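Before any comments, here is the structure.
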């Protein structure tokens, strides 16, 4: 689920109490700050960072700089958001490349933080960006770390420099030095050095890392930290800062449901920016870290930017335009429906996408219950139809439906439901595409601006004059069905046309055509 | 290097004071939170201690230290940490999220068992991570255990597990340790895969223990991990690794209390002999001092 989701939930709960209040009293602020403190602690943000953070939020919330234009809840959200962005590193920073190649990047971190996997991801990412990276196996400690890096390198399509077999043998400092020479010779422009994982307290290994650093003078030292780490994050980060003095942080395993408080802690304590986030086991599950987006995510302002980027990357614009046209000309078929669905699937998990929407955090429970296989089933049903059937759904008689159900491993009921849904969607889309308003059940038609008050008076006379409400309604229904112009122009505001039937979409649409829209 | 934080050193200053006052309580709260006990357990411990201090009308911080030790010990000792490995073969499934030290733990555990004269075979059912099989092979060799490797890259882990148990039954090997791929508890597909391994094994023998390996540096997310693994893999015991770091492992109490699963083993170093059984008394001694 969404990163930081749980922290977001907690803060949302906190702010609920603040909503609807006119102004902030010191007591309100104290109560809120306590809740924020608790939420942050639950999210594994280090205690000292929490204290500092809540202190600043409190000070600012009570201070004069509070905007009078915002309500209290908005004010606190604003302040917390500002502070979060400030701690997480303000502006996003990217890797600093050396002026003279090769750029040397060294990876350091605790055991099991995900360094070796990350080395592969980083290499692949750089390779896609027209760099020629070289992976260096300087983790000679962990059994078969070298082999792992070789496999990862192969998967990423990046060469690996591994002169030593590892498993405790060989000198990592020499390996790193040799790698630099090798890279210069062979014109690799980025060198990624994977070092042995170490515990924060292991002085010997820390010294080794520091020796490697001295020997190769890297342009970037990336500290890889597990997003799941607890209060220990601060100690670990400090130990590594003193030991190897890293220049940037990479947050790994952000795809779990860890609340990721470590991100806040490390950034806050060391003042080093978080450069990347690693979000899965695949080599492509790797993205630059955006402090402002992450802060918005915490505050449930939604991660719209990421959503848009994902959509842009995967959505075929040309295709969309064609579909819109089809909507408008009433030639939208089940084939197009299938195409749309497949495009949607390309964008990745629908759950993930929904999770990025503002306010979606509150629906997490429903999101978790959302069954993505429903789409697969729908796909199967459509694929079990003949081309003719997909284009002209009207052909689908009983026996055809039975055949389709059997072919797709579903039931006739499901096929029926799909056809119905398609009909409704097509109708609604058509209306929207033509600039009309889709009809909401129970609301009656929404009159367009063109049918202003001028036309309303004569309308009224056309309505039934019967004193019996039921009869009047029936007569009006008949009237509506017979004369689309009249019915569409008749606003539900009269109390006459407010019955749930109303004119059908087709009528509305043809009316619009008629009016030259 | 930054001095490593430890609960005992944080408490030392506190207990050296003359009387128990408001500062003591807030310091105690901070110390417990810093040790990853989590806000809930911290509140409950502090409340309990406040009550005892009021009951015995003591003002001596030394009493408080003793009470804290007793409270923690009592809470940790509520569950039975004995490993049940009497079945033959005794099948132990080792599960956990990525990077907690499952493979290492298996190596140490194999050594631990061979030291007691047991014959051990390990099954490399982590067919996912690059070079995991080789890593396990190295550990198995060090631990003096036989190993069953997958015949092909990406083979179904359940089939590797099956073959391992088959081998044990055929050759009369006493204990079977199955290594599984690390998986985040949020990946439901992978969690289902664990369920499958379990079902396949249960057709052959009864599974003796399912051990969940937890990294002692993990924060409150350890709870979510434990809950998910209990649901999908039927965890019977916890293994705590990386206790030798500057980690404080306070969250273990939170996990144990909330899930009702006992800690059975603790790993305290990188050496092959650094895995021991769990004794609440020793653990608390190390934690509180």
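The values are calculated or read from the model by the stated rules, or taken from the named source; none is laboratory data. A quick note: this is a predicted structure, and the numbers were derived from the prediction, not measured. Cβ sites come from the backbone with ideal geometry, for glycine too, and all protein chains shown count toward neighbours.
Scanning the range B:127-144 for residues that are over 17 Å from residue B:275 (Cβ atoms), facing chain A (nearest Cβ under 7 Å) and assigned to a helix (DSSP H, G or I) yields one hit, B:134. Out of the range A:216-238, which residues are within 14 Å of another protein chain (Cβ to nearest Cβ), at pLDDT 85 or above and part of a helix (DSSP H, G or I)? Once the filter is applied, which keeps residues that are within 14 Å of another protein chain (Cβ to nearest Cβ), at pLDDT 85 or above and part of a helix (DSSP H, G or I), the range A:216-238 yields A:237, A:238.
Among the conditions (1) within 12 Å of chain A (Cβ to nearest Cβ); (2) in contact (Cβ under 8 Å) with a residue 40 or more places away in the chain; (3) surrounded by fewer than 23 Cβ atoms within 10 Å (Cβ to Cβ), the only one that residue B:101 does not satisfy is (3). Filter the range B:194-227 for residues that are surrounded by 21 or more Cβ atoms within 10 Å (Cβ to Cβ) and over 20 Å from residue B:259 (Cβ atoms); which is farthest from the other protein chains (Cβ to nearest Cβ)? Taking the candidates together, the pick is B:201.
Check whether at least one residue in the range A:146-162 is part of a strand (DSSP E or B) and either surrounded by fewer than 20 Cβ atoms within 10 Å (Cβ to Cβ) or touching a helix residue (DSSP H, G or I) at 6+ places or on another chain (Cβ under 9 Å) (or both), and report yes or no. Taking every residue of the range A:146-162 in turn, at least one turns out to be part of a strand (DSSP E or B) and either surrounded by fewer than 20 Cβ atoms within 10 Å (Cβ to Cβ) or touching a helix residue (DSSP H, G or I) at 6+ places or on another chain (Cβ under 9 Å) (or both).
Among all residues of the range B:35-55, there is none that is within 28 Å of residue A:205 (Cβ to Cβ) and either away from chain A (no Cβ under 14 Å) or in a helix (DSSP H, G or I) (or both). Only one of the listed residues (B:32, B:85, B:49) is modelled with pLDDT under 90, more than 30 Å from residue B:167 (Cβ to Cβ), outside the structural domain of residue B:163 (by TED's automatic domain parsing) and in contact with a helix residue (DSSP H, G or I) (Cβ under 9 Å, 6 or more places away or on another chain). That residue is B:32.
Here's the yes/no breakdown for (1) at negative phi; (2) at pLDDT 70 or above; (3) out of contact with any strand residue (DSSP E or B) (no Cβ under 7 Å at 6 or more places or on another chain); (4) surrounded by 22 or more Cβ atoms within 10 Å (Cβ to Cβ):
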residue	(1), (2), (3), (4)
A:250	yes, yes, no, yes
A:253	no, yes, no, yes
A:256	yes, no, yes, yes
A:259	yes, no, yes, yes
A:298	yes, no, yes, yes
A:307	yes, no, yes, no
A:313	yes, no, yes, no
A:320	yes, no, yes, no
A:330	no, no, yes, no
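Screening B:117, B:182, B:107 for residues that are in a helix (DSSP H, G or I) and either at pLDDT below 95 or more than 23 Å from the chain's Cα centre (by Cα) (or both) leaves exactly one candidate, B:107. Among the residues of the range A:88-140, those that are within 14 Å of chain B (Cβ to nearest Cβ) and in a loop (DSSP other than H, G, I, E, B) comprise A:110, A:111, A:112, A:113, A:114, A:139, A:140.
Only one of the numbered conditions (1) buried (at least 21 other Cβ atoms within 10 Å of the Cβ); (2) free of Cβ contacts under 8 Å to residues at least 24 places away in the same chain; (3) closer than 30 Å to residue A:264 by Cα is not met by residue A:203, and that is (1).
Restricting the range A:89-137 to residues that are touching a strand residue (DSSP E or B) at 6+ places or on another chain (Cβ under 8 Å) and free of Cβ contacts under 8 Å to residues at least 60 places away in the same chain, the residue that is surrounded by the most Cβ atoms within 10 Å (Cβ to Cβ) is A:136. Check the range B:126-144 and report whether any residue there is crowded, with 19+ Cβ neighbours inside 10 Å, under 25 Å from the mean Cα position of the chain (by Cα) and at positive phi. The answer is yes; a qualifying residue exists.
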